[in-house]
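Right, one structure below, let's go through it.
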Amino acid sequence: MSRSICIIGVPLDLGQSRRGVDMGPAAVRYAGLDHRLERLGCAIRDCGNIEIPVRDTLPEEGGLAYMPAVVEACERVYAAGARAVEDGDVPLFLGGDHSIALGTVAAAATTGEPTGVIWIDAHGDFNTSETSPSGNLHGMPLAALTGRGAPALTDLIRPGRKVADEDVVLIGIRDLDPLEREALKDSRVAVYTMREIDRRGIGEVAEEAVGRLSHLPRVHVSLDMDSLDPREAPGVGTPVPGGFSYREAHLLMETIADSVRVGSIDVVEINPILDERNRTAHLAIDLVLSGLGKSIF
Ligand SMILES: [Mn+2]
């Protein structure tokens, strides 16, 4: 373990409607992120936070009306992330809501090599502005990154998709909108639902899912904390019952560390206002460490 990690805070809360996820980066730093990464043997550089417009300074419409502000923020996220990738560092992005992935995955794929994406989430995040019931942008990043939806999102940084369908796996899914479900079924994205994980066990599913990407030179891990059961991670904006247990989430991250080359990581949707004594932020750090190779024995 001698990896160099660049911490990039992204206090973006414009992709969804509940307040509080903008405090995610502070909560994770306060929970001791840098010390715990250092103990793992990583070299740490904290690059601070990306500048994000304060929600209260914008008109109150929300939803799609925030697309220009989210795009502009994600261009800055991309710039910071691409610099880290070019320096040979592993960018660790602290959200913010999941719309930050429009910038983080573009940065992960900036080398032009095929880039795998492991998207760990209760939701599909595969809506477009046409299919989304809410218009919230945090439900759209994976669609846009694979080339679907509004050109302002699909052509962010450079025209067209940032990752190929077959290089994306979605794990932990238990809440899809009707048209989103159809779009996923029509795609070549591999989807592993909680039902399948209940039936086959996370060990087998994680090995199969992650194994799909083991031939790729680099993999981006996008960890939405709402993939966990709300009993484990109460501090998230969009909780859905029936998620990962503590050990299931760790085994998934450990399998990732064993099987692919993790080039960049997001940890998103932590909402300290809804949390209990910052335990969701502590859990997020535990899981990031497992994804970077921390093992029990
Ligand atoms: Mn998500």
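Assorted remarks:
- Members of the stretch 188-222 that are part of a loop (DSSP other than H, G, I, E, B) and touching a strand residue (DSSP E or B) at 6+ places or on another chain (Cβ under 6 Å): Val189, Arg212, Leu213, Leu216
- Extreme residue, nearest to the chain's Cα centre (by Cα), among residues of the stretch 1-15 that are at pLDDT below 95 and not small (Gly, Ala, Ser): Arg3
- In the stretch 195-217 there is no residue matching the filter, namely being within 16 Å of the ligand (Cβ to nearest atom) and buried (at least 20 other Cβ atoms within 10 Å of the Cβ).
- From the options Gly32, Gly48, Gly63, Gly20, residue that is modelled with pLDDT under 95 and over 14 Å from the mean Cα position of the chain (by Cα): Gly63
- Helices (runs of 4 or more DSSP H) enclosed by the stretch 86-187 - at least 2 residues per element that are under 14 Å from the mean Cα position of the chain (by Cα), within 15 Å of the ligand (Cβ to nearest atom) and modelled with pLDDT of 95 or more: 101-108, 141-145
- Residue within the stretch 60-73 that is assigned to a helix (DSSP H, G or I), within 15 Å of the ligand (Cβ to nearest atom) and either out of contact with any Cys (no Cβ under 6 Å at 6 or more places or on another chain) or of a type in the set (Gly, Ala, Ser) (or both) present: yes
- Exactly one residue out of Val267, Val240 is in contact (Cβ under 8 Å) with a residue 12 or more places away in the chain, surrounded by fewer than 22 Cβ atoms within 10 Å (Cβ to Cβ), within 17 Å of the chain's Cα centre (by Cα) and not in a helix (DSSP H, G or I): that is Val240.
- The stretch 68-97 residues that are more than 18 Å from Gly135 (Cβ to Cβ), paired with ones that are among the aromatic types (Phe, Trp, Tyr) and within 16 Å of the ligand (Cβ to nearest atom) (beta carbon under 9 Å, 6 or more apart): Val77/Phe93; Ala80/Phe93; Gly81/Phe93
- Filtered residues of the stretch 278-297 (kept if assigned to a helix (DSSP H, G or I) and not hydroxyl-bearing (Ser, Thr, Tyr)): Arg279, Ala281, His282, Leu283, Ala284, Ile285, Asp286, Leu287, Val288, Leu289, Gly291
The values are calculated or read from the model by the stated rules, or taken from the named source; none is laboratory data. The model shown is predicted, which means the values in this text are computed figures rather than measured ones. Here Cβ is always computed from backbone atoms with ideal geometry, including for glycine, and neighbour counts include all displayed protein chains.
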